[in-house]
Amino acid sequence: MIDKSNIRNRRQVLRLIRNKGGISRAEISKLTGLTRPTVSMIVRELSDESFITETGKGESSGGKRPIMLTLRNDRLYAVGIDLADEFSIRGVLCGIDGHIVRRVEFGYENNFENILQTTAMLIESLNEGLGAGQVRGICIAASGLIDFVNNEILHSHNFDTAGRNLTGLLQNRFNIPVLLENRPNAAAFAEKQLGCGKKFKHLVYMTSGRGVGAGIICDGRIFRGSSGAAGEIGRMRISLEPEPEYQGESRHLEDLSRDSTLIAMVGAAKGRTVNYSDVLELYRQGDVDVVRIFRKNAQFLAGALQIVANVLNPEAIILGGRASELGERYLKDFKEEFYRGSSEISTRTQVFYSEFGRGGVALGGAMMIVDQILNLNL
């Protein structure tokens with residue numbers, strides 16, 4: 001029979017070691033109320049399982065200098081994958097303290113066979129040189145509606161992944177647990193765990209790229225809604241008129257603001273073919289047409305987030321995805337629109353750029369695996 005109290009105690013000790021970054025057995029006993037023999041037994045178990053290690057001696061409070069304990073970051077790893085960017089699939093390999101050991105990025109074609117092949121190549125590259133059992137799990141942060149019970153993508157407006165058993169195929173290939181997460185949720189989790197969201201219990205993270213979505217942290221935890229679809233703001237209809245270069249008929253937020261739309265609008269305004277790097281450089285240089293187009297983009301997104309803020313009353317809005325690459329001009333335009341005519345509720349909401357930018361999604365996926373590891377679920 002599983003000793004539930006021992007599992008509970010082990011989780012408590014492991015979380016304490018992680019949060020403190022260096023702590024002695026005596027301090028663990030004092031903070032948890034566990035007896036010193038119990039703490040010593042748990043520390044021995046966690047050390048034997050490669051979770052923790054001794055890192056030298058701390059400061060003495062009058063007696064012998066205590067042996068300090070920290071997480072062991074050279075034995076257990078997590079993989080996070082961002083499967084929602086318009087042009088590439090990104091992945092990171094993290095130690096259990098969240099430190100990124102390796103980053104990989106591959107271009108892909110938007111059909112399931114290529115997505116599966118590219119993701120598998122990415123995982124192989126991230127796992128290179130590691131022994132069996134060192135990577136405890138993989139989390140794929142995907143765009144669309146996710147069935148968290150059956151670990152399947154139910155619907156994706158932009159990607160050929162729905163109902164394809166992506167995680168099952170990868171799990172069979174690598175013999176490692178493969179989990180799914182909503183992309184904005186993963187990015188929000190990264191900010192909450194390691195980034196500018198650490199000090200907030202209630203925040204909304206907005207990501208944009210091929211699609212637009214919001215990750216919601218409520219009382220320190222991801223809020224998924226009744227069916228896991230909370231934060232799906234991309235299909236929100238926008239009443240503001242787009243710039244004249246935009247030729248589409250849709251008024252959905254993600255159709256008006258995705259990367260390819262911005263590229264097409266800038267290309268039309270300049271009368272030539274451009275890529276996103278060209279667009280970014282023109283914006284940084286202050287090109288009049290590009291600044292106008294991005295100001296309208298800021299209006300679209302700020303209007304949507306103002307509604308979200310009025311409903312959810314978060315402490316902070318974090319702008320992720322492409323936004324943090326655009327610098328202070330874009331942040332100023334966004335804030336100006338966000339606070340224009342705001343209610344008393346939303347004026348109290350702070351607005352920040354993501355600390356991790358486009359890299360936050362994959363990092364958040366890895367941190368979700370780390371969270372499972374530290375809760376002794378993987």
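The values are calculated or read from the model by the stated rules, or taken from the named source; none is laboratory data. Note that the structure is a prediction, hence the values are computed from the model and not measured. Here the Cβ positions follow ideal geometry from the backbone for every residue, glycine too, while neighbour counts run over all protein chains shown.
Just one of the numbered conditions (1) at pLDDT below 85; (2) surrounded by fewer than 20 Cβ atoms within 10 Å (Cβ to Cβ); (3) among the charged types (D, E, K, R) is not true of residue 270; which one? Only one criterion in (1) at pLDDT below 85; (2) surrounded by fewer than 20 Cβ atoms within 10 Å (Cβ to Cβ); (3) among the charged types (D, E, K, R) is unmet by residue 270, namely (1).
On inspection, residue 324 passes the criterion of being touching a Ser or Thr at 6+ places or on another chain (Cβ under 6 Å) and among the hydroxyl-bearing types (Ser, Thr, Tyr).
Criterion applied to 188, 162 was being in contact with a His (Cβ under 9 Å, 6 or more places away or on another chain), among the hydrophobic types (A, V, I, L, M, F, W, C) and over 23 Å from residue 127 (Cα atoms), and the one residue passing it is 162.
May I ask you to verify whether residue 93 is farther than 17 Å from residue 18 by Cβ and in a strand (DSSP E or B)? Judged against the criteria, residue 93 is a match. Set side by side, the residues 226, 156 differ, and just one is out of contact with any strand residue (DSSP E or B) (no Cβ under 9 Å at 6 or more places or on another chain) and either assigned by TED's automatic domain parsing to the domain that holds residue 323 or crowded, with 17+ Cβ neighbours inside 10 Å (or both), which is 226. Among the residues of region 248-267, the one identified as surrounded by 19 or more Cβ atoms within 10 Å (Cβ to Cβ) and outside any helix (DSSP H, G or I) is 258.
Out of 17, 81, I need the residue that is not in a strand (DSSP E or B) and not basic (Lys, Arg). Which one? Walk me through how you get there before you give the answer.
On the way: 81 fails: not in a strand (DSSP E or B).
Residue meeting the stated conditions: 17.
Identification of helices (runs of 4 or more DSSP H) wholly contained in region 271-374 with 3 or more residues that are more than 23 Å from residue 215 (Cα to Cα) and not assigned by TED's automatic domain parsing to the domain that holds residue 86 yields 276-284, 288-312. In this structure, does residue 136 turn out to be in contact (Cβ under 8 Å) with a residue 40 or more places away in the chain, outside any helix (DSSP H, G or I), among the basic types (Lys, Arg) and out of contact with any Cys (no Cβ under 6 Å at 6 or more places or on another chain)? So residue 136 passes the test.
Residue by residue, here is whether (1) of a type outside the set (Ser, Thr, Tyr); (2) out of contact with any strand residue (DSSP E or B) (no Cβ under 6 Å at 6 or more places or on another chain); (3) over 25 Å from residue 322 (Cβ atoms); (4) modelled with pLDDT of 90 or more holds:
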site: 43; (1), (2), (3), (4): yes, yes, yes, yes
site: 51; (1), (2), (3), (4): yes, yes, yes, yes
site: 86; (1), (2), (3), (4): yes, yes, no, no
site: 100; (1), (2), (3), (4): yes, no, no, yes
site: 113; (1), (2), (3), (4): yes, yes, yes, yes
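Name the single residue, out of those in region 9-46 being basic (Lys, Arg) and surrounded by fewer than 20 Cβ atoms within 10 Å (Cβ to Cβ), that is nearest to residue 67 (Cα to Cα). Break it down into steps so the answer makes sense when it comes.
Just the residues of region 9-46 that are basic (Lys, Arg), to begin with: 10-11, 15, 18, 20, 25, 30, 36, 44.
Going one step further and asking which of them are surrounded by fewer than 20 Cβ atoms within 10 Å (Cβ to Cβ), we end up with 11, 15, 18, 20, 25, 30, 36, 44.
Numbers: 11: 20, 15: 18, 18: 16, 20: 14, 25: 8, 30: 15, 36: 14, 44: 13 Å.
In this case the residue turns out to be 25.
I'd like to know if region 172-189 contains one or more residues that are of a type in the set (Phe, Trp, Tyr) and more than 28 Å from residue 128 (Cβ to Cβ). Give the derivation first.
Taking region 172-189 and keeping what is of a type in the set (Phe, Trp, Tyr), we get 174, 189.
Subsequent filtering for residues that are more than 28 Å from residue 128 (Cβ to Cβ) retains none.
No, the conditions are met nowhere in region 172-189.
Inspect region 280-298 for any residue being touching a residue at least 60 places away in the same chain (Cβ under 8 Å) and either crowded, with 16+ Cβ neighbours inside 10 Å or among the polar types (S, T, N, Q) (or both) and give the result as yes or no. Looking through region 280-298, none of the residues is touching a residue at least 60 places away in the same chain (Cβ under 8 Å) and either crowded, with 16+ Cβ neighbours inside 10 Å or among the polar types (S, T, N, Q) (or both). Within region 182-194, the set of residues being of a type outside the set (S, T, N, Q) and buried (at least 24 other Cβ atoms within 10 Å of the Cβ) comprises 183, 184, 186, 187, 188, 189, 190, 191, 192.
One line per residue, one yes/no per condition, for (1) surrounded by fewer than 14 Cβ atoms within 10 Å (Cβ to Cβ); (2) touching a residue at least 24 places away in the same chain (Cβ under 8 Å):
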{"residue": "65", "(1), (2)": "yes, no"}
{"residue": "81", "(1), (2)": "no, yes"}
{"residue": "89", "(1), (2)": "no, yes"}
{"residue": "104", "(1), (2)": "no, no"}
{"residue": "115", "(1), (2)": "no, yes"}
{"residue": "127", "(1), (2)": "no, yes"}
{"residue": "140", "(1), (2)": "no, yes"}
